[in-house]
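The values are calculated or read from the model by the stated rules, or taken from the named source; none is laboratory data. The structure presented is a predicted model; accordingly, all values stated were derived computationally and were not measured. Cβ placement follows ideal geometry from the backbone for every residue including glycine, while neighbour counts extend to all protein chains displayed.
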Amino acid sequence: TGETHSGRGEPALEAIGIGKTFATTPILKGIDLRIAPGEVVALLGPSGCGKTTLLRIAAGLLAPSAGRMRIAGQLVADGAHHALAPEARGIGMVFQDYALWPHLNTLANVAFPLRMRGLPKAERNKRAHDALARVGLADMAERFPGTLSGGQQQRVALARAIVAEPPLVLFDEPLSNLDRELRESLALEMGTLLRELNLSAVYVTHDQAEAFTIANRVAVMLGGEIAQIATPEALFSDPATPEVAQFLNIGALIDGEIRAREFRCHGRMVRVTAPGEDHADGPARLLIPRTAIARSDHGPLKARVARCQFQGDRYLLHLDFGEGDRSLVCPSDSPVAQGEMISLALNATRLRLFAHA
Ligand code: ATP
């Protein structure tokens, strides 16, 4: 079998050096990404980082300027010269607002992609029923989208995306237009469902909690590059760069320098033994994750309380370590006056040090 064969053992998606330039502006800069069968990868990043552009390239709606892409082993894009048409890629898609046909009932909505492929009616209805059963909506086949809840509509959209057994499903911020509470509960439901269905998927979102709930691995995209791809836990315990730590809001980043294995902040409020391997003397940034600190009267770390916020069951102290805006929050059982200095205990194993570039 040649270059275009496809199979279930192949990566569901493989991107090699994908670049995209609009006019003269590079938007994607050499994206490498491999998604294993049954894996859900979230593309997480701020607005404008290129998530949607990468998803559109995978969907075939856009050709890359450089690089190759394979879906289940099949070459779907090779620079700007070769592109397989979207409908020939056999992928499923779930969009914002689900894009269900209001005048078609649930069964007809789900069967729609099979109708486009020219399957006979009995066959498409059987497969649409199966897909509805897989998302737990077997008894909703006759209902119209307008009579379903948001969560049910989402599951119909998912059933439609998987009805043709695609090797890959693309999700384009499907929950972004919903209010926070609904988004959280639907993300939880979607995450569970994707695992049960064993789907391979790319899930675009700018919501960290949603990405962490839904994906096995999260690709943090910053400025047209994948800054890091890892499990949510690994991103938090070992962010690759200060920018990743900052985007994920892991904790406070403090500029300072290392001298004789000790990190010192110029404001002189932070002075800790440099964590990890030997570090050369010189400028550095220290990451203090929120999870690394706790109030303790005789702790080695000093911080000024910038704000004390009552939260019902406890107080949250917004802490300032010296220069600029690098606040960190820390829970406290009792209130502390603004401007007061407090001491903190440090879990040194959770600190991370980045040499200055
Ligand atoms: P968002 O979360 O806001 O959708 P995103 O990470 O998905 O952001 P993209 O939609 O991929 O970002 O866009 C990345 C950049 O590329 C943006 O600066 C955007 O303005 C630009 N861009 C996207 N499509 C085009 C186009 N067709 N022509 C020119 N520039 C474009």
**Asked** Quick one: would you say residue 124 is buried (at least 21 other Cβ atoms within 10 Å of the Cβ) and more than 22 Å from residue 12 (Cβ to Cβ)?
**Response** yes
**Prompt:** What residue, among those in region 183-217 that are in a helix (DSSP H, G or I) and of a type in the set (Ser, Thr, Tyr), is modelled with the lowest pLDDT?
**Reply:** 185
**Message:** Out of everything in region 24-60 that is touching a residue at least 24 places away in the same chain (Cβ under 8 Å) and among the basic types (Lys, Arg), what residue ends up being nearest to residue 79 (Cα to Cα)?
**Reply:** 29
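Answer yes or no as to whether residue 58 is crowded, with 22+ Cβ neighbours inside 10 Å and at pLDDT 95 or above.
yes
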**Request:** Could you tell me whether region 69-80 includes any residue that is within 16 Å of the ligand (Cβ to nearest atom) and under 22 Å from residue 222 (Cα atoms)?
**Result:** yes
**Complete:** Scanning region 221-259 for residues that are of a type in the set (Asp, Glu), outside any helix (DSSP H, G or I) and more than 14 Å from the chain's Cα centre (by Cα), the one nearest to the ligand (Cβ to nearest atom) turns out to be 238
**Request:** Taking only region 142-174 into account, find how many residues are closer than 30 Å to residue 10 by Cβ and touching a residue at least 40 places away in the same chain (Cβ under 8 Å).
**Result:** 19
**Message:** Looking at region 278-293, I want the residues that are in the same structural domain as residue 342 (by TED's automatic domain parsing) and among the hydrophobic types (A, V, I, L, M, F, W, C) and have a partner that is assigned to a helix (DSSP H, G or I) and crowded, with 21+ Cβ neighbours inside 10 Å with Cβ atoms under 6 Å, at least 6 apart or on another chain. Which pairs are those?
**Reply:** 287/245
**Message:** Can you say whether residue 199 is within 12 Å of the ligand (Cβ to nearest atom) and among the hydrophobic types (A, V, I, L, M, F, W, C), as far as the supplied structure shows?
**Reply:** no
**Message:** Being closer than 18 Å to residue 98 by Cα and within 16 Å of the ligand (Cβ to nearest atom) is the requirement here; does residue 218 meet it?
**Reply:** no
**Asked** Does residue 93 fit the bill of being modelled with pLDDT of 90 or more, closer than 22 Å to residue 159 by Cα and either in a strand (DSSP E or B) or outside the structural domain of residue 201 (by TED's automatic domain parsing) (or both)?
**Response** yes
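Given the residues 181, 196, 173, which is the only one that is among the charged types (D, E, K, R) and under 16 Å from the mean Cα position of the chain (by Cα)? I'd like the intermediate steps shown before the answer.
Details: 181 fails: under 16 Å from the mean Cα position of the chain (by Cα); 196 fails: under 16 Å from the mean Cα position of the chain (by Cα).
After ruling out the rest, the residue left standing is 173.
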**Message:** Step by step: first the residues of region 10-57, then only those that are away from the ligand (no atom under 12 Å from the Cβ) and either on the phi > 0 side of the Ramachandran plot or among the charged types (D, E, K, R) (or both), then the one that is farthest from the chain's Cα centre (by Cα). Which residue is that?
**Reply:** 10
**Test: residue 63 is surrounded by 14 or more Cβ atoms within 10 Å (Cβ to Cβ), free of Cβ contacts under 8 Å to residues at least 24 places away in the same chain and outside any strand (DSSP E or B)** = yes
**Prompt:** Of the conditions (1) away from the ligand (no atom under 16 Å from the Cβ); (2) part of a strand (DSSP E or B); (3) within 24 Å of the chain's Cα centre (by Cα), residue 98 fails just one. Which one is it?
**Reply:** (2)
**Fill in**
Over region 136-162, the set of residues within 25 Å of the chain's Cα centre (by Cα) and not charged (D, E, K, R) is 150, 151, 152, 153, 154, 156, 157, 158, 159, 161, 162
**Prompt:** For region 67-76, how many residues are in contact (Cβ under 8 Å) with a residue 40 or more places away in the chain, surrounded by 18 or more Cβ atoms within 10 Å (Cβ to Cβ) and in a strand (DSSP E or B)?
**Reply:** 6
**Request:** Those residues that are at positive phi and surrounded by fewer than 18 Cβ atoms within 10 Å (Cβ to Cβ), I need them from region 77-103; list them, please.
**Result:** 79, 97, 99
